[in-house]
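The values are calculated or read from the model by the stated rules, or taken from the named source; none is laboratory data. Predicted, not measured: the structure shown is a model, and the values here were computed from it. Virtual Cβ from ideal backbone geometry, glycine too; neighbours counted across all protein chains shown.
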């Protein structure tokens, strides 16, 4: 092929012997570009980057042609077709690399990183993240808006699997208070945020004082809240409660209020309840709140089993749309069926109808499984209202730190598969109910993951990035199209120099600015236009 000066077959280019052979060939042949035809370029990328650094060559002058997964494996039954595809892939790699300009790429070094992390929210996720950071040797400040730590964990007494969450809560609070690297600020609030990854400036209001602090990363663990409702006589009848209030009653607590109203007889002894009805998806999975809160079915099954353990003669009926006991929680659903808990399916718009009959309640529902209307007499009605985002505070915080909310009002991750704990702005991470409805174990796992991501951000030395876009000042017409098109806010207009500037810390190397620039001033060093055109030409040549 034109431009190819040396060819050698290696058993394994990614092993030490193969890398050494490439290094030797480059030195002996005075080569300045390398094509490796083999496996996927996503494998062993770090080894080849280290090789190019030893050769003192820009990394973009290495091309890896995927002839294994892309050709040999894809056409394993037709060797001739595999060879033809491999030849085409290799020709494209050689052509693109041949036209790639040699000029070195020298990105600006990153600034000094602040080795501290701010954790917003003192609930289960926030405390877990703070303790994980402390265990990793990272200083962090834990900011909680309420006077006490714990958040929603105060209202959960046991999980469906039997975890004693109140013991967990007490242990977490004690460990946080004793951790040397965790500094707790209660009745505090973030009121200002600016800067870039590794060097954020924060203003935090503590009581009446506003403090200015510097952090390398931020973890958002601000939680969510129990959804409210006015359906099914909630707030109008003392025997209508939420699942959270029922759990508190089972644990021996007292219901403080219902629907914002105080009730003189708000505590109902469970030993006087002979029939309990539960209604699922209250105010959820509709036009107002279209998402499923995930935890409600498990919570209903948990409370139903707890009632049956207190008194097996209590009649428990669960009116559901779809039972969503995830994973191994299905075993507890079967256990509830065996314990005598009745499950009746309804389908909107034919929702259950609740009527007051003195101190008791009458619930009428059309059971779609048997296609008949059933009337249940209930001493207590429990509503599964689900989890709702703190929309006002979420919206204000998202605007302050420069991230997005999803269509349901929760914080939107950068990518659900590749970056599930990252927010779109580099250096800001997410965990817990602020991300969306989830179980206790899921919040713990995600908090640890977010803490690890934040710890890597503030402890790893800043390395120059090669995927950051650049601007050729002589070609820039100051039109502002790249600023408007950049999805990450990584472009600004320099009014003095009359040129567009790239904010390296925000640039994700997506190339949108290159696509919209009419003058070719925006460049993506990792993928030059001449290289792309050469790839296309090679692909079209028969």
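Assorted remarks:
- Options 47, 33; residue that is surrounded by 12 or more Cβ atoms within 10 Å (Cβ to Cβ) and under 22 Å from residue 534 (Cβ atoms): 33
- Leading residue by the ranking (nearest to residue 225 (Cα to Cα)) among those in region 120-149 that are without any contact (Cβ under 8 Å) to a residue 40 or more places away in the chain and surrounded by fewer than 22 Cβ atoms within 10 Å (Cβ to Cβ): 148
- Flag for residue 5 being in a loop (DSSP other than H, G, I, E, B) and modelled with pLDDT of 90 or more: yes
- Residue under evaluation residue 170, criteria (1) modelled with pLDDT of 95 or more; (2) in a loop (DSSP other than H, G, I, E, B), criterion not met: (2)
- Selection from region 332-353 of residues that are at positive phi and part of a helix (DSSP H, G or I): none
- Candidate set: region 371-390, residues that are in contact (Cβ under 8 Å) with a residue 60 or more places away in the chain and not in a strand (DSSP E or B); chosen: the one farthest from the chain's Cα centre (by Cα): 379
- For the residues 201, 217, 224, 188, the requirement of being over 30 Å from residue 272 (Cβ atoms), crowded, with 21+ Cβ neighbours inside 10 Å and free of Cβ contacts under 8 Å to residues at least 60 places away in the same chain singles out 188.
- Hey, residue 502 without any contact (Cβ under 8 Å) to a residue 12 or more places away in the chain, outside the structural domain of residue 194 (by TED's automatic domain parsing) and either surrounded by 13 or more Cβ atoms within 10 Å (Cβ to Cβ) or under 26 Å from residue 96 (Cβ atoms) (or both) or not: no
- Hey, residue 514 out of contact with any helix residue (DSSP H, G or I) (no Cβ under 9 Å at 6 or more places or on another chain) and surrounded by 13 or more Cβ atoms within 10 Å (Cβ to Cβ) or not: no
- Filter pass, residue 529 being touching a strand residue (DSSP E or B) at 6+ places or on another chain (Cβ under 7 Å) and modelled with pLDDT under 80: no
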